[in-house]
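Contents: one structure, followed by commentary.
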Amino acid sequence: MMIRAKFRKAKRLRYISHLQLLDTLRRAIRRAELPGKYSEGYNPTLNLSLSQPLPVGMAGGGEYLDLELTAALEPEDFCRRLNDSLPRGIEILQARLTDNRLKSLQAVVDRARYHLLPPLKDQSREVRDSRAEAVLQEFRNKKEIIVVRKRRNKSDRSYNLREMVHEIKTAAEGRWSFLVSTGSRGNVRPEEIIRGLQQIDSSIGEQPLINFYREGLYVSRPPKLLTPLADEIMEGE
Amino acid sequence: MAEVFSKIDDSLYQVESPERYIGREWNQIKKDWQQTEIKTCLAFPDTYEIGMSHLGLKILYHRLNQEKDILCERVFAPWLDMEKLLKEKGIRLYSLENKQELLDFDLLGFTLQYELSYTTILTILNLGGLPLRSADRDNSYPLVIAGGATVFNPEPLAPFIDLFYLGEAERDIVRLVRYYQELKSSAFSREEILKKLSELPGVYLPTLYQPYYHQGKFQGIKTAEGAKPRISRQYIEDLDQAFYPTDFIVPYADIVHNRAVIEISRGCQRGCRFCAAGMSYRPARERSVETILSLAEEIIASTGYDEISLTSLSSMDYSQIEELVTRLAAQFQDRNVSISLPSLRIDEFSLKIAREVQRVRRSGLTFAPEAGTQRLRNIINKGVQEEDLFQAVRSAFESGWHRIKLYFMLGLPGEEEEDLAGIARLAKKTAEIGQQIRRNSSRKMRPIEVQVNVSTFIPKAFTPFQWYEMDSLTAIRHKIEYLQQHLTGRSLTLDWNDPETSRLEALLARGDRRLAPVIEGVWQQGSRLEGWSEQVDYQRWQQALKDFSLTEEDFLAARETGDPLPWDHLYTGVDKDFLQQEWQCAASGKETPDCRWSACSSCGVCATPHSGLKLARGREKEGAVSHDD
């Protein structure tokens, strides 16, 4: 039996790393005395896994966790009890229980939506908005935007960013929204979106990670875009 | 959120380990800043990870926050990148809880954990906006107090700190803080306030004690009229009744000891003559098994930790260790909580306990013979026989442990070449025992590893060896080279402390107030966070000493037992006569047994023989400890 939950990581807690987040959740689950299942072996640890790591400094509104359970419990109960044991900044938003065998989060999630504060420096709101629309439209119209990925201990590699950006739009407060590939079958790093934008408008400067927000993680099942908690996904393989 | 933090919040992604600077951990205590009258902040002169592993800081944090009218927050030293960022943004160092500037607190309390953190104290004062020297601070600044492990020679820091507190502060800290607040709200001058505070037990106001020198030599202390003739270390008499927190803060960062820490006893009577803690934290006092079991229960529930660490100077000497470990293991058996013991004694009994707690995953064990021959172990009063060590390691290998760490010291009084040869011999024999067991073992065993760790002995204040000299750099290096040449072979590795760092530690541990400008000098040139080896600049210290016409030898050379010592006006409770007597016993290789299981050695700390010892065993009989005296 397993529970899958959606959570938010925000405010100051955006500064804790993926491993620290995992430890924080494990300890919170222990404090909340939830019936988590432990691994066998010398060093039993809770069978808890998370979706793709958020970069340190970036907040996320639709992150996911999977926890194996030894006993059933109401999803609402799970959310409430875990939230009572979590530091402010991490919040469990929704959960679903299942007996089905699910693919791991990192295997199933293949889309991420990033919001970005408009990186334009124009003074007037009107000018900014119209320029924003022009930049985004040009991005959409391109067939190819080649960006270079710097890889640690490996040679640089170029790839066509445009192919991996699946939706471009404006979100609340004029934020730019990009739905991109994520995970092992193709992955766009947020800073590469900026490098792509810079090819369209050279006045766009480097953007710190905190200017990004990962709105959510998704599973693409064309023509649908699902969340990892959708019926189709929770039904298992 | 305080204004100071909003200026930096969005830039923290630029620094390494930003979680050090955000606070907001589970169990953090953040009180209403406006509504709480007395504001205190505990400062630790090293990074967050080091500071949050320090038990004393946690005890005082929770003790002060127990009081409704007092808030207690934390501040740690920023790493160099964060220091730079703070300066760029033009903001002062802030507390983790309310993100308030240090200047806004009534009291700032520093932990003195080790000598090489002294320069970092100046960093915290400076980044907090406080003048470095006590003389330059008036009543508008927080009162700066300091205490901790190295407080028994605080002289090099004297000009920077307003008051030192000698000993265990959890009992009287609230009284001190309240009294200060009371004095502050009356019309007293700063000088009068400090003087009045110095009347409290354990409080040391350095300005009342002026050292004098003659021809570059410390001659003694002139005590101001009306001042206490000596300042006595304070300690908790009954540890079982003493305050101990259970709602420990749970850091995000992977700190050194990220687990439930339970202090099972305080003090040690083994009487190892090199050990400052063993001499200065007497008498040995234990918590009862019942108290420890209930503390463990509460801490696990409140923190969610999956490991309990039983801590003390010598856990195996806890009088009820077997009962404690058995019951703890039973209590947490089905809850995926493991138990760890930091220090093992070298005997079969310890192995039995270790087997009890580490039923699974047996990897490494640590033993500390400290010296390579019986003669030298007698000199330092480390009552370990060679056969005990071989028996213990044999037993460890047979039980499945494959890695043994052996700790030794270089530069002990009376050390000769045969003692270094002895280190090599013990290590090699240990490896041989292991290899033999592994060859004959029917189960699969990982390759045997024997890791030899040598540190350089530092003759510290208030130990019987305080009159002894510190080895020269050349001598230390020769000895390390000797070991490098002789400690070769399969399964053996050698690790040693940086000799220059040891010399600096000794300098600050044995120094007097003439070192204060030296500390300030190297700090101004960038020395800070020197607990991190890459941060130590020995040449800079050398130059600074020269600038003030001092040499290392002024502080590190041997002293006559009749010579005045810079810390003579402080009193740990152990008599100087006893230390001298122990120094003489060392010279003749005579051992002094642990008074817990033999006669009183008259160290001076108990009112009548053994009266201060409060052991878990015998507590049922109204705490009486029976001894044949």
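The values are calculated or read from the model by the stated rules, or taken from the named source; none is laboratory data. Everything quoted here is computed from the prediction, not taken from an experiment. Here Cβ is always computed from backbone atoms with ideal geometry, including for glycine, and neighbour counts include all displayed protein chains. In case anyone asks, the SASA skips ligands and DNA or RNA and just uses the protein heavy atoms, side chains included. Shrake-Rupley method; radii C 1.70, N 1.55, O 1.52, S 1.80 Å.
Any residue at all in the stretch B:371-391 that's assigned to a strand (DSSP E or B), more than 19 Å from B:V452 (Cβ to Cβ) and either at pLDDT 95 or above or within 25 Å of the chain's Cα centre (by Cα) (or both)?
No, the stretch B:371-391 contains no residue that is assigned to a strand (DSSP E or B), more than 19 Å from B:V452 (Cβ to Cβ) and either at pLDDT 95 or above or within 25 Å of the chain's Cα centre (by Cα) (or both).
Considering every residue within the stretch B:455-470, establish whether at least one is of a type in the set (S, T, N, Q), assigned to a helix (DSSP H, G or I) and under 27 Å from B:P499 (Cα atoms).
no
Going residue by residue through the stretch B:7-21, is there one that turns out to be open to solvent by less than 20 Å² (accessible area, probe 1.4 Å) and not in a helix (DSSP H, G or I)?
The answer is yes; a qualifying residue exists.
Out of A:E33, A:E74, which single residue is within 14 Å of chain B (Cβ to nearest Cβ) and open to solvent by 10 Å² or more (accessible area, probe 1.4 Å)?
Only one candidate qualifies: A:E33.
Which of the following residues is basic (K, R), in contact (Cβ under 8 Å) with a residue 40 or more places away in the chain, closer than 26 Å to B:G589 by Cβ and surrounded by fewer than 18 Cβ atoms within 10 Å (Cβ to Cβ): B:R375, B:R355, B:R394?
B:R375
Can you confirm whether A:T24 is modelled with pLDDT of 95 or more and either more than 14 Å from chain B (Cβ to nearest Cβ) or over 27 Å from A:E232 (Cβ atoms) (or both)?
For A:T24, the condition - modelled with pLDDT of 95 or more and either more than 14 Å from chain B (Cβ to nearest Cβ) or over 27 Å from A:E232 (Cβ atoms) (or both) - is met.
Could you tell me whether B:A424 is at pLDDT 95 or above, surrounded by 20 or more Cβ atoms within 10 Å (Cβ to Cβ) and in the same structural domain as B:H478 (by TED's automatic domain parsing)?
Yes: the conditions hold for B:A424.
Considering the stretch B:562-585 alone, what residues qualify as being polar (S, T, N, Q) and either open to solvent by 10 Å² or more (accessible area, probe 1.4 Å) or free of Cβ contacts under 8 Å to residues at least 60 places away in the same chain (or both)?
Passing the criteria: B:Q580, B:Q581, B:Q584.
Among the residues that make up the stretch B:219-231, is at least one of them assigned to a strand (DSSP E or B), open to solvent by 60 Å² or more (accessible area, probe 1.4 Å), modelled with pLDDT under 95 and over 30 Å from B:F76 (Cα atoms)?
No - not one qualifying residue is present in the stretch B:219-231.
Given the criteria more than 9 Å from chain A (Cβ to nearest Cβ) and touching a residue at least 40 places away in the same chain (Cβ under 8 Å), does B:S53 qualify?
Answer is yes for this residue.
Given (1) touching a Pro at 6+ places or on another chain (Cβ under 7 Å); (2) away from chain B (no Cβ under 11 Å); (3) over 15 Å from B:Y252 (Cβ atoms); (4) open to solvent by 20 Å² or more (accessible area, probe 1.4 Å), where does A:K6 come up short, assuming only one miss?
Evaluating A:K6 over (1) touching a Pro at 6+ places or on another chain (Cβ under 7 Å); (2) away from chain B (no Cβ under 11 Å); (3) over 15 Å from B:Y252 (Cβ atoms); (4) open to solvent by 20 Å² or more (accessible area, probe 1.4 Å) leaves (1) as the failure.
Which one of these does A:Q94 not meet: (1) free of Cβ contacts under 8 Å to residues at least 40 places away in the same chain; (2) open to solvent by 80 Å² or more (accessible area, probe 1.4 Å)?
(1)
Would you mind stating whether A:R113 is among the charged types (D, E, K, R), outside the structural domain of A:R8 (by TED's automatic domain parsing) and modelled with pLDDT of 95 or more?
Spelling it out, A:R113 is indeed among the charged types (D, E, K, R), outside the structural domain of A:R8 (by TED's automatic domain parsing) and modelled with pLDDT of 95 or more.
Considering only the stretch A:163-183, I want to know if a residue exists there that is within 20 Å of the chain's Cα centre (by Cα), modelled with pLDDT under 95 and among the basic types (K, R).
Checking the stretch A:163-183: at least one residue is within 20 Å of the chain's Cα centre (by Cα), modelled with pLDDT under 95 and among the basic types (K, R).
Yes or no: A:Y42 out of contact with any strand residue (DSSP E or B) (no Cβ under 8 Å at 6 or more places or on another chain), within 14 Å of another protein chain (Cβ to nearest Cβ) and over 18 Å from A:G216 (Cα atoms)?
Yes, satisfied.
Go through the stretch A:207-227 and give me each residue that's in a strand (DSSP E or B) and either more than 14 Å from A:S181 (Cβ to Cβ) or in the same structural domain as A:F7 (by TED's automatic domain parsing) (or both).
Once the filter is applied, which keeps residues that are in a strand (DSSP E or B) and either more than 14 Å from A:S181 (Cβ to Cβ) or in the same structural domain as A:F7 (by TED's automatic domain parsing) (or both), the stretch A:207-227 yields A:F212, A:Y213, A:E215, A:G216, A:R221, A:K224, A:L226.
Of the residues A:L105, A:L54, which is within 14 Å of chain B (Cβ to nearest Cβ), in contact with a strand residue (DSSP E or B) (Cβ under 7 Å, 6 or more places away or on another chain) and touching a residue at least 40 places away in the same chain (Cβ under 8 Å)?
Matching residue, one of A:L105, A:L54: A:L54.
Residue-by-condition table, conditions (1) of a type in the set (S, T, Y); (2) more than 29 Å from A:S104 (Cα to Cα); (3) within 14 Å of another protein chain (Cβ to nearest Cβ):
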residue: A:R151; (1), (2), (3): no, no, no
residue: A:M164; (1), (2), (3): no, no, no
residue: A:K169; (1), (2), (3): no, yes, no
residue: A:S202; (1), (2), (3): yes, yes, no
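Can you tell me which of B:I29, B:I38, B:I59, B:I70 is of a type in the set (V, I, T), within 14 Å of chain A (Cβ to nearest Cβ) and within 24 Å of B:V177 (Cβ to Cβ)?
B:I29
Going by the structure shown, is B:Q435 touching a residue at least 40 places away in the same chain (Cβ under 8 Å) and either more than 30 Å from B:S363 (Cβ to Cβ) or outside any helix (DSSP H, G or I) (or both)?
For B:Q435, the condition - touching a residue at least 40 places away in the same chain (Cβ under 8 Å) and either more than 30 Å from B:S363 (Cβ to Cβ) or outside any helix (DSSP H, G or I) (or both) - is not met.
If we keep just the residues of the stretch B:520-561 that are free of Cβ contacts under 8 Å to residues at least 24 places away in the same chain and among the basic types (K, R), which is surrounded by the fewest Cβ atoms within 10 Å (Cβ to Cβ)?
Going through the qualifying residues, I end up with B:K546.
Taking the condition open to solvent by less than 60 Å² (accessible area, probe 1.4 Å), in a loop (DSSP other than H, G, I, E, B) and more than 14 Å from every other protein chain (Cβ to nearest Cβ), does A:P118 pass?
In short, yes.
Failed condition for A:S49, given (1) under 29 Å from A:E191 (Cβ atoms); (2) surrounded by fewer than 17 Cβ atoms within 10 Å (Cβ to Cβ); (3) within 11 Å of another protein chain (Cβ to nearest Cβ), with all others met?
Here A:S49 clears every test but (3).
Quickly run through the stretch B:197-212 and pick out the residues that are out of contact with any helix residue (DSSP H, G or I) (no Cβ under 8 Å at 6 or more places or on another chain), surrounded by fewer than 19 Cβ atoms within 10 Å (Cβ to Cβ) and outside any loop (DSSP other than H, G, I, E, B).
Hits for the stretch B:197-212 are B:Q210, B:Y212.
What is the number of the single condition among (1) in contact with a Ser or Thr (Cβ under 6 Å, 6 or more places away or on another chain); (2) modelled with pLDDT under 95 that A:L105 does not meet?
A:L105 satisfies every listed condition except (2).
List pairs: first in the stretch A:12-24 and crowded, with 20+ Cβ neighbours inside 10 Å, second of a type in the set (A, V, I, L, M, F, W, C) and in a loop (DSSP other than H, G, I, E, B), Cβ under 7 Å, 6+ apart or cross-chain?
So the pair list comes out as A:R12/B:I22; A:R14/A:M58; A:Y15/A:V56; A:Y15/B:I22; A:T24/A:I16.
Here is a check on your reading of the model: is B:G383 touching a residue at least 60 places away in the same chain (Cβ under 8 Å) and over 14 Å from B:L492 (Cα atoms)?
yes
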